[in-house]
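Inspection log for the structure reproduced underneath, given as structure tokens.
The values are calculated or read from the model by the stated rules, or taken from the named source; none is laboratory data. Source: prediction; values computed, not measured. Virtual Cβ from ideal backbone geometry, glycine too; neighbours counted across all protein chains shown. Quick note on the areas: whole protein, heavy atoms, side chains included, nothing else; ligands and nucleic acids left out. Shrake-Rupley method; radii C 1.70, N 1.55, O 1.52, S 1.80 Å.
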Amino acid sequence: MKKEFKQYLDELQAPETLVNRVDEIIGVYSELWNFDPKTIFVTDSINEDGARIHDSLFLINDAGIAEAKNFLYLDDFDFVPIDKILSWNIASKNYNFIDANAKSRASLRLLLLSSITFDMKSAQNNCDYLMKFHRDYVIPRTIN
Amino acid sequence: MDREDNQIQERPFELSSYIIWLQEYLGIGFDDRFPEYYVSVCTKIRDNISKSNIWNEIIRNLKELDAQYRRSHNNFPLLAHPNQPLELLIKPYNSMLKKTFRMNVINNNNWPNPPREEGWINPYECFECIDDIIRTSVVVKYLDGVKHLADDISKLASNLSIGSTVELKAKEEGYYAAHIYVSHVEEIPNIAWDTRKTEMLFEIQIRTQVQDLIRRLLHTYYSEHRLSKSEQKDIWQWDYKSDEFATSYIGHIIHYIEGKIVEIRDSQSEIKP
């Protein structure tokens with residue numbers, strides 16, 4: 001696993017089981033479909049017991065976005081080539097889009113030309129990573 | 001039978017008479033220092049356990065064990081309160097005395113003889129004889145999580161070459177939980193402040209969220225029930241108006257329902273692609 005991916009997952013305090021699973025999925029995409037991510041993003045939310053729940057793993061490079069849904073316990077993989085993004089929508093709570101805190105929540109919805117949508121949600125410090133993805137990947141590809 | 005033998009055979013049925021019995025017939029007297037001594041020793045033991053390898057290994061691995069359970073159970077969580085820190089608790093002094101009372105008298109099927117080969121339970125030696133002087137509890141979401149976590153913790157202990165025993169409790173009064181007894185070696189100061197090295201146990205209780213709620217609500221009932229040993233005890237199962245009937249069967253029914261919930265949860269997971 002790339003050092004920056006491991007660092008990202010450590011920032012999310014991801015348990016080893018989750019880190020290993022991410023590594024496994026990156027390996028699957030690389031070996032079977034020749035897809036190597038430049039960036040990864042793990043969606044998360046905080047449930048009523050205060051536990052951090054991770055749902056989807058997004059693998060992203062210039063060619064497109066791959067999503068592994070419920071990646072911790074399912075093999076449900078897809079890939080969408082990305083050229084242009086038609087629109088995006090951000091919703092947030094307790095977040096100034098710069099410095100997340102323990103109560104911060106943010107979600108990003110992307111609408112592609114093909115009418116395919118991506119929903120990415122984040123909690124706590126992961127909100128900063130979502131905003132970085134939005135800034136570095138989404139904005140440059142959004143149709144003017 | 002001489003007077004002394006006859007009076008030993010008089011079984012004390014209350015804590016106050018038990019304490020007198022300890023003093024008069026076993027020569028175990030309590031001075032004013034004993035409660036303070038007990039708390040002081042327990043505090044030392046608790047603090048040492050909190051610094052031990054096995055305790056820190058359990059703390060460190062709880063999140064990992066939750067993730068492993070989610071991985072194999074369709075993201076259903078293991079822990080009910082994942083962010084709640086584990087706390088080591090000391091058995092209160094009166095609870096310790098009551099436990100020796102139960103062991104020596106109430107539940108002693110060998111009465112008027114000692115309950116075990118080694119003899120009577122001496123409250124001054126409770127640290128070696130009582131397995132839950134220091135204890136903690138973990139609450140899991142689902143019924144299968146109880147045994148799952150118990151086995152995981154047992155493996156952690158085994159990896160550190162520390163002895164542990166898992167007991168799956170299913171009591172008549174509707175109490176269901178796993179109790180893990182983990183070995184711990186401690187230097188116990190005697191009341192005269194010389195020390196003895198002893199192997200003792202500390203207890204980890206694991207139960208479901210609902211069983212935890214029941215226990216919290218009915219703790220006083222369970223505690224008092226265990227101190228009474230009436231001749232009528234065996235027919236409470238037919239006394240549907242009694243508190244014992246209601247409280248005991250709540251525990252059993254909840255346990256059954258929790259089993260069905262896990263069954264449904266797992267069968268639904270099989271339906272999904």
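The set of residues from the range B:44-61 being within 14 Å of another protein chain (Cβ to nearest Cβ) and without any contact (Cβ under 8 Å) to a residue 40 or more places away in the chain comprises B:I59, B:R60. Reported count of residues in the range B:62-80, each being within 7 Å of chain A (Cβ to nearest Cβ), open to solvent by less than 70 Å² (accessible area, probe 1.4 Å) and either of a type outside the set (K, R) or within 19 Å of B:L213 (Cβ to Cβ) (or both), is 6. Could you go through the range B:6-26 and let me know if any residue there is in contact with a Gly (Cβ under 6 Å, 6 or more places away or on another chain) and loosely packed, with under 13 Cβ neighbours inside 10 Å. Scanning the range B:6-26, I find at least one residue that is in contact with a Gly (Cβ under 6 Å, 6 or more places away or on another chain) and loosely packed, with under 13 Cβ neighbours inside 10 Å, so the answer is yes. Scan the range A:76-97 for residues that are out of contact with any Gly (no Cβ under 9 Å at 6 or more places or on another chain) and free of Cβ contacts under 8 Å to residues at least 24 places away in the same chain and the total you get is 7.
Of the residues that make up the range A:96-109, is at least one open to solvent by 20 Å² or more (accessible area, probe 1.4 Å) and more than 24 Å from A:E11 (Cβ to Cβ)? Within the range A:96-109, not a single residue is open to solvent by 20 Å² or more (accessible area, probe 1.4 Å) and more than 24 Å from A:E11 (Cβ to Cβ). Report yes if B:A150 is closer than 29 Å to B:H73 by Cα, open to solvent by 30 Å² or more (accessible area, probe 1.4 Å) and touching a His at 6+ places or on another chain (Cβ under 9 Å), otherwise no. Considered against the rule, which asks whether it is closer than 29 Å to B:H73 by Cα, open to solvent by 30 Å² or more (accessible area, probe 1.4 Å) and touching a His at 6+ places or on another chain (Cβ under 9 Å), B:A150 comes out as no. Only residues that are in a helix (DSSP H, G or I), more than 30 Å from B:R11 (Cα to Cα) and in contact with a helix residue (DSSP H, G or I) (Cβ under 6 Å, 6 or more places away or on another chain) were counted across the range B:70-112, and they come to 1. If you go through the range A:12-44 and keep only what is charged (D, E, K, R) and either open to solvent by less than 90 Å² (accessible area, probe 1.4 Å) or within 14 Å of chain B (Cβ to nearest Cβ) (or both), you end up with A:E16, A:R21, A:D23, A:E24, A:D36, A:D44. Does B:D144 meet the test of being acidic (D, E), crowded, with 19+ Cβ neighbours inside 10 Å and away from every other protein chain (no Cβ under 14 Å)? Taking the combined requirement at face value, the residue satisfies it. Picking from residues in the range A:17-50 that are assigned to a strand (DSSP E or B) and under 14 Å from B:A67 (Cβ atoms), the one that is modelled with the highest pLDDT is A:V42.
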